[in-house]
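To start, the structure under review is shown below, and the notes come after it.
Derivation of every value follows stated rules applied to the coordinates shown; laboratory data play no part. All values derive from a computational prediction rather than experimental measurement. Here Cβ is always computed from backbone atoms with ideal geometry, including for glycine, and neighbour counts include all displayed protein chains.
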Amino acid sequence: MYLDHFGLREPPFRITPHTEFFFAGANRGATLDALIYAITHDEGIVKVSGEVGSGKTMLCRVLLERLPANVVTIYLATPSLSRDDILYALAAELHLPVPPSTRSAQIVRLLQEHLIALYAKGHQVVVLIDEAHVMPRETLEEIRLLSNLETNHHKLLQLVMFGQPELNDVLARHDMRQLKERITHNFTLGPLGREETADYIDFRLRAAGYKGASIFSPTAIGQLTGAAQGLTRRINILADKSLLAAYAAGRHDVGPEETKAAIEDCDFSVAAAPPSGRKAMLALAGGACLALLLALFLWLQGKPATTSIDSITATPAAAAALPVPAATAANPPPTPSATPPEPRTATLTEQRLAAGQAWLEHADDEHWFIQLRAMDAAQGEQIESFLQRLESQLPADQTRAYLGKRGNTPRLGIIFGEYESHAQASRAMAALPTEIQNSQPYLRQVKKLR
């Protein structure tokens with residue numbers, strides 16, 4: 001509808017993954033190159049994780065196009081198959097005639113013989129598994145066993161798993177440790193920052209034929225970045241609606257009015273109501289301390305972060321001074337005691353939140369830090385346990401935490417250090433203890449945290 005109006009030859013913001021619109025910025029191009037290297041150099045199982053709409057499917061499609069001709073690719077778009085069904089699916093993709101009554105062991109033997117024959121002809125076989133986080137446990141175990149198919153020196157089957165962050169949680173389970181140990185490379189598609197969002201929009205427009213000055217104003221980019229939360233699919237939806245609003249208004253640029261209209265038209269731009277009532281609060285708690293719950297509650301209500309964190313977690317005395325719920329008939333007030341209770345010591349979670357808030361007030365936007373982990377804020381016990389393990393491995397004065405969101409779910413990020421350059425931060429990350437590196441840390445700039 002608006003193509004001629006803006007001088008475009010095709011829609012720039014389709015949500016279907018057209019590979020000519022692959023954006024190599026925001027580390028996507030580097031991840032693609034690393035994937036090609038890992039596959040062509042016999043690097044075992046590779047994992048790519050990213051939030052819904054972060055560009056995993058686009059990356060997978062581009063990877064399929066750019067792998068060398070000697071690489072035989074198998075793309076599994078329905079990973080919720082059973083253990084036996086996935087073997088039949090692989091055999092079908094390799095054009096192996098397998099009767100329906102064939103036993104699993106026989107299929108594995110046929111697969112191995114065929115893979116050896118392909119290897120003898122100079123071919124590699126790679127299986128790309130989309131939505132791997134929904135795979136049943138038994139199917140994941142079969143994937144691990146398939147990774148054992150090899151010659152004396154080379155793997156016969158390369159495996160690349162694409163999944164949402166929940167895939168990391170699945171692999172963190174005790175019964176998945178054997179599979180996790182076989183993953184040689186982990187890649188994460190993080191959200192786009194404000195500058196990267198501007199570059200992404202400009203790239204898509206020019207790939208669609210636009211030749212003029214930037215259409216989206218800096219204010220519009222800022223609004224769109226916040227609403228899209230750095231997810232490329234959401235950026236596409238909002239940018240398309242913004243262009244449509246500008247066209248309807250007869251404008252050749254997009255300002256805050258157009259992006260505001262686009263945001264209001266999208267369901268994902270509407271914040272969920274904060275939890276209310278004793279039942280909802282207990283569901284959110286999940287073992288977390290009362291101070292963290294109250295901080296999250298205030299934050300979800302839209303109160304300033306300095307109020308919800310500083311006034312609660314800055315000191316043990318402040319944490320001890322938290323208001324308590326009014327007494328009810330089912331929960332009468334305790335009998336007064338002559339000895340006042342001792343002040344509660346702040347938990348590690350509270351201490352690191354306070355440290356993160358204080359650090360963020362003066363940290364340089366251009367500096368870098370290491371993102372160690374991000375977890376649902378309701379996982380209070382797991383967060384506290386992870387911080388306790390860090391105590392013996394990293395300097396406590398450089399370990400911090402912050403509150404964020406994934407969609408409408410409160411998240412708590414755990415971060416480490418501050419570095420003047422990306423190279424300095426990379427060297428520091430490479431020097432982290434092995435256990436921490438297994439948690440898949442990555443680098444971020446301070447300005448993206450704000």
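Could you run the Karplus curve 6.51 cos²θ - 1.76 cosθ + 1.60 with θ = phi - 60° over region 94-100 and give me ³J(HN,Hα) per residue in whole Hz, x for Gly and Pro?
Result, ordered by residue: 8, 6, 8, x, 10, x, x Hz.
Could you give the length gained on full extension between ASP364 and ASN148, defined as 0.36 nm per residue of separation minus the Cα-Cα distance, in nm? Kindly include the intermediate steps, with their values, before the conclusion.
Working: separation 216, 0.36 × 216 = 77.76 nm, distance 4.75 nm.
Extra length available between ASP364 and ASN148 comes to 73.0 nm.
Please list 3J(HN,Hα) in residue order for region 346-362, calculated via the Karplus relation 6.51 cos²θ - 1.76 cosθ + 1.60 where θ = phi - 60°; whole Hz, with x for glycine and proline.
After applying 6.51 cos²θ - 1.76 cosθ + 1.60, I find 5, 6, 4, 4, 5, 4, 6, 4, 5, 5, x, 5, 5, 5, 5, 5, 10 Hz.
In a solvent-free Debye calculation with one equal scatterer on each Cα, what is log10 I(q)/I(0) for region 27-189 at q = 0.10, 0.11, 0.16 Å⁻¹, listed in the order of the q values?
Relative scattering, expressed as log10 I(q)/I(0), comes to -0.34, -0.41, -0.91.
In nm, to one decimal, how far is the modelled label at SER104 from the one at GLU65, with both set 7 Å along Cα→Cβ?
So the two model labels end up 3.8 nm from each other.
Enumerate the lysines that LYS447 could reach by cross-link, defined here as Cα to Cα under 22 Å, with residues fewer than 8 away along the same chain left out.
Leaving aside lysines fewer than 8 places away in the same chain, those within reach of LYS447 are LYS303, LYS405.
Determine, for PHE216, PHE416, the number of other Cβ atoms within 10 Å of each Cβ, and report the residues in order from fewest to most. Walk me through the intermediate numbers first.
Details: PHE216 24, PHE416 21.
By the 10 Å Cβ count, ascending: PHE416, PHE216.
Quick one: order HIS422, HIS5 by neighbouring beta-carbon count within 10 Å, fewest to most. Numbers along the way, then the final one.
On the way: HIS422 12, HIS5 15.
In increasing order of surrounding Cβ atoms, one gets HIS422, HIS5.
Looking at region 120-176, which GluC sites (Glu not before Pro) are DSSP coil and have at most 13 other C-beta atoms within 10 Å of their C-beta?
Loop-located and lightly packed - none at all.
Can you work out the FRET efficiency for the pair GLU391 and ARG177, with r the C-beta to C-beta distance and R0 = 22 Å, to the nearest 0.05? Don't skip to the end; give the middle numbers.
Working: r = 23 Å, r/R0 = 1.05.
E between GLU391 and ARG177, to the nearest 0.05, is 0.40.
All other residues with a Cβ under 9 Å from the Cβ of GLY209 taken together, and with Lys, Arg as +1 and Asp, Glu as -1, what is their net charge? Please list the in-between numbers first.
Working: positive: ARG9, ARG206, LYS211; negative: GLU10.
The answer is +2.
Taking amide H positions as placed in the peptide plane 1.01 Å from N, state which residues far from VAL125 in sequence (5 or more) or on other chains have amide H under 5 Å from it.
Close amide H contacts, sequence-distant or interchain: VAL72, GLN158.
Suppose the chain between ASP84 and THR19 were pulled fully straight at 0.36 nm per residue; how much longer would it get relative to their current alpha carbon spacing? Kindly include the intermediate steps, with their values, before the conclusion.
Values: separation 65, 0.36 × 65 = 23.40 nm, distance 3.27 nm.
Contour length minus the Cα-Cα distance gives 20.1 nm.
Once Lys and Arg get +1 and Asp and Glu get -1 on their Cβ, which of ILE116, VAL46, GLN158 lies farthest toward the positive end of the dipole of region 27-189?
Selected residue: ILE116.
Can you tell me the Rg and Dmax of region 97-152, counting just the alpha carbons, in angstroms?
Here Rg and the maximum Cα pair distance are 12.9, 35 Å.
Given H placed on each backbone N at 1.01 Å, which residues far from ASP253 in sequence or on other chains put an amide H within less than 5 Å of it?
none
Place the peptides 360-368, 107-115 in order of packing, highest mean first, counting for every residue the other Cβ atoms within 10 Å and averaging per peptide. Write out the running numbers ahead of the final one.
Values: 360-368: 13.2, 107-115: 17.1.
Descending packing order for the listed peptides: 107-115, 360-368.
Could you order the peptides 48-58, 240-250 from most to least packed, using the average number of other C-beta atoms within 10 Å per residue?
Working: 48-58: 21.1, 240-250: 18.8.
In decreasing order of mean packing, 48-58, 240-250 become 48-58, 240-250.
Using a Förster distance of 41 angstrom, determine the FRET efficiency expected from the C-beta separation of TYR2 and ARG450, and round it to 0.05. Intermediate values should be presented prior to the final figure.
Working: r = 33 Å, r/R0 = 0.81.
Here the calculated transfer efficiency is 0.80.
Could you give the dipole magnitude of region 27-189 about its Cα centre, charging the beta-carbon of Lys and Arg +1 and that of Asp and Glu -1, in debye to the nearest 20?
Numbers: 16 positive and 19 negative charges, 39 e Å.
Magnitude of the dipole: close to 180 debye.
If I model a spin label at ALA423 and GLU113 as a point 7 Å from the Cα along the Cα→Cβ vector, what separation in nanometres do I get?
According to this spin-label approximation, the distance is 5.6 nm.
Region 170-228 to region 43-70: how many Å between their Cα centroids?
Between the Cα centres of region 170-228 and region 43-70 lies a distance of 14 Å.
Taking the alpha-carbon distance from LYS180 and a cut-off under 18 Å, which lysines remain once sequence neighbours fewer than 8 residues away in the same chain are dropped?
Answer for LYS180, where 18 Å is the Cα cut-off: LYS47, LYS155, listed by chain and number.
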